[in-house]
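**Student:** Before I ask anything, let me first share the structure, which is written out below as structure tokens.
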Amino acid sequence: MENPITVEVTRGQLVESRHRGMAVVVDADGSVVFQAGDVDAAIFPRSACKAMQALPLVESGAADAFGFGYRELALACASHSGEPEHVAVAAAMLKAAGQNESVLECGAHWSSHQQVLLAQARTLEKPTALHNNCSGKHSGFVCTCVHTGEDPRGYAGYDHPLQEAIRSIMSDLTGAVLSRDTCGTDGCSIPTYAVPLTGLARGFGRLATGKGLEPIRAAAARRLIAACMAEPFYVAGTKRFCTKLMQVAPGKIFAKTGAEGVFCALLPEKGLSFAVKAEDGATRAAEAMIAALLARHYEADSEERHALMALANHGMTNWNGLAVGKVRVTDVLFH
């Protein structure tokens, strides 16, 4: 099945580039209310599923034991920019568990925020694992292990008890069979599993509604989603798209990006869950797609719809500030 063109990029009056994609929206019962492209194709959610991976932190009682609030829980679900605030919260999480950055297995990289990167280059010999965009998630993993009595060493490995627990959780949520056959290694070294796009959307829907989940898991899921919506900066960072989407309607939109053109979102009050994948892995396409799909579920004259469509369809400028083209979604997402 050929996926449709969902996003176009213009230069002048002509279309310069086209992105194909798949997109699905499901309701509170898990029924598909919109689809475009091969939504049953298996895709790697990458970082879009971090809220699922953070469930053991809350379910185990670790979050309460270490006194974590919304900022810590949001960071545990984050792909943050490595800004000072993100680094400080990740370090504090580890300290609460009697650990430090040496235990993290995510690797190190510089901040993705240019101004912060320049400041780091002036003041640091090299970045630490705390600057990694996944340090909050990994800090949550370590805290979970410490609280449950598991040895945190090797926590990123496929056979570690924590990863076994996460694999079971993700299978239950998405309905997909997860094994070594469907497993890859994520950028931060933990296992990542290919699941159908529709299964990913349904999994997020279950996080929002709690339907079919044990009470302790349903409560943990609601708490994590609420934390992300309350602290969108700690989910991503300054001028990041996840943060912008959630700031459009504070407390009413959950959004999380993943590498290679994946994006998931929730409108909890409307009982709707969203998942998109840009076939070519382009982030700009996934961002436009998810913003447009969210927009179509707000009233035509509402501030939210206008703000979301401005994120979906936006101009591009060059280094001199001259308008050179546009990123725009196609009618495929509105049929």
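The values are calculated or read from the model by the stated rules, or taken from the named source; none is laboratory data. Keep in mind that this is a model prediction, so the values were computed, not measured. Neighbour counts run over all protein chains shown; Cβ positions are idealised from the backbone, glycine included. When the accessible area is computed, the model is the full protein with side chains, heavy atoms only, and any ligands, DNA or RNA have been set aside. Shrake-Rupley method; radii C 1.70, N 1.55, O 1.52, S 1.80 Å.
**Student:** Test of understanding: among F241, F274, F254, F263, which residue is under 26 Å from T192 (Cα atoms) and touching an Asp or Glu at 6+ places or on another chain (Cβ under 6 Å)?
**Tutor:** F241
**Student:** Scanning the stretch 39-65 for residues that are more than 21 Å from the chain's Cα centre (by Cα) and touching a residue at least 24 places away in the same chain (Cβ under 8 Å), which turns out nearest to R202 (Cα to Cα)?
**Tutor:** S60
**Student:** Can you name every one of the strands (runs of 3 or more DSSP E) wholly within the stretch 252-335 that holds 1 or more residues which are over 28 Å from R222 (Cβ atoms)?
**Tutor:** In the stretch 252-335, 272-278, 314-317, 323-329 are the strands (runs of 3 or more DSSP E) which contain 1 or more residues that are over 28 Å from R222 (Cβ atoms).
**Student:** Answer yes or no as to whether L322 is modelled with pLDDT of 95 or more, open to solvent by 10 Å² or more (accessible area, probe 1.4 Å), hydrophobic (A, V, I, L, M, F, W, C) and out of contact with any helix residue (DSSP H, G or I) (no Cβ under 8 Å at 6 or more places or on another chain).
**Tutor:** Taking the combined requirement at face value, the residue satisfies it.
**Student:** Being open to solvent by 20 Å² or more (accessible area, probe 1.4 Å), aromatic (F, W, Y) and modelled with pLDDT under 95 is the requirement here; does F334 meet it?
**Tutor:** Yes: the conditions hold for F334.
**Student:** Let me ask something else about it. Does the stretch 298-316 hold any residues that are in contact with a strand residue (DSSP E or B) (Cβ under 6 Å, 6 or more places away or on another chain) and surrounded by fewer than 21 Cβ atoms within 10 Å (Cβ to Cβ), and which are they?
**Tutor:** Within the stretch 298-316, N313, H314, G315, M316 meet the criteria.
**Student:** If we scan the stretch 219-241, do we find a residue that is in contact with a Ser or Thr (Cβ under 6 Å, 6 or more places away or on another chain), in a helix (DSSP H, G or I) and within 22 Å of A286 (Cβ to Cβ)?
**Tutor:** yes
**Student:** Report, by residue number, each residue of the stretch 210-225 that is open to solvent by 30 Å² or more (accessible area, probe 1.4 Å) and of a type in the set (G, A, S).
**Tutor:** G212, A219
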